[in-house]
Amino acid sequence: MVKIKEIKTKNIFSKTYYRGYSYVINPYVGCSGGCIYCHACFIQNFTKHQNQNWGDFVDVKRWDGIVRTKRTVVGRNMLMSTITDPYNSVEKEYENTKQILERLREIGCNLTICTRSDLVLRDIKIIKQMQAKVCMSVNSFDETFVKNTEPNTTPVKDRLKALKKLHDKGIYTILCISPIFPYITDFKEIIEATKDYVNEYWFENLNLRQPYKISVLNYIYNHHPELDEKYDDIYVKKDNQYWFLLKHEIMEYCKVHKLNYKIDFRHS
Ligand code: SF4
């Protein structure tokens, strides 16, 4: 059960230098997705949620209109979101994301929406009108693995159906293969199955930081004991050879198959 509360905020835009975007928009604090590898869980330390589990709380932001931010937004590259899913389950009732889209449609900006949810289809008309891009994240077709690591997200087959539908409606689609779990995520399999309706691929590696590093490694030790040593090499001994080789394999593959792509591998 997700604990929801409303909070007042002055501004929903935050400055960023991430991937050529000027601002990020996070309509919520926290996320019902509860993904075990979610880097956004650091926010718990700054928002009085230290004693709750990631995925168990969502603060719904409330603001006095975003009209005043018009000068900030017009013509800018904006990303929604980086530390929540704009279509997490709370959005169904509170519609923060929808309200923001409606306002941005009037103002005009270059928006990319990042999600793991097919709820994005609810807003397909607005997205089309404002010519926003939609980025759907997927890292495996193994639904058991996905359920274990992303307990409250949309099944992968439904995410892909949604992405196809968006593409069929003429919306620019991005498939973010993220996070890439070493020796588990098969990027070629995902591309092969989706290339007919994806305009661009993004690749992000599994970058384990505290405090979630331990729980992800424990998940691997318990569910994929055959990968123990390999994960220790990467995440305990910090040997980045795997990522170096994978990056080159991805670049080569995308070049051969003439795919638009961006790789963002980070190492803690
Ligand atoms: S859906 Fe995205 S923001 Fe939400 S918990 Fe999962 S990775 Fe984090």
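Each reported figure results from applying straightforward, stated rules to the coordinates on display, with no laboratory input. All figures in this text were calculated on a predicted structure; none of them were measured in a lab. Positions of Cβ are generated from backbone atoms using ideal geometry, with glycine treated the same way; all protein chains shown enter the neighbour counts.
Some points to look at:
- Selection within the range 15-52 - in a strand (DSSP E or B) and without any contact (Cβ under 8 Å) to a residue 24 or more places away in the chain: 15
- Restricting the range 5-14 to residues that are surrounded by fewer than 16 Cβ atoms within 10 Å (Cβ to Cβ) and in contact with a strand residue (DSSP E or B) (Cβ under 6 Å, 6 or more places away or on another chain) leaves a set whose member that is nearest to residue 49 (Cα to Cα) is 5.
- The range 114-154 - residue that is among the β-branched types (Val, Ile, Thr) and under 12 Å from the mean Cα position of the chain (by Cα) and, of those, nearest to the ligand (Cβ to nearest atom): 153
- When residues in the range 154-180 are screened for being over 22 Å from residue 205 (Cα atoms), among the charged types (D, E, K, R) and touching a Lys or Arg at 6+ places or on another chain (Cβ under 8 Å), 1 of them pass.
- In this structure, residue 140 qualifies as hydroxyl-bearing (Ser, Thr, Tyr) and part of a loop (DSSP other than H, G, I, E, B).
- Of all residues in the range 87-113, those being surrounded by fewer than 23 Cβ atoms within 10 Å (Cβ to Cβ), part of a strand (DSSP E or B) and within 16 Å of the ligand (Cβ to nearest atom) number 1.
- Residues in the range 22-62 that are within 18 Å of residue 137 (Cβ to Cβ) and more than 10 Å from the ligand (Cβ to nearest atom): 24, 25, 27.
- Residue among 189, 200 that is among the acidic types (Asp, Glu), in contact with a strand residue (DSSP E or B) (Cβ under 6 Å, 6 or more places away or on another chain) and within 26 Å of residue 267 (Cβ to Cβ): 200
- Of the candidates 123, 142, the single residue that is among the acidic types (Asp, Glu) and under 18 Å from residue 184 (Cβ atoms) is 142.
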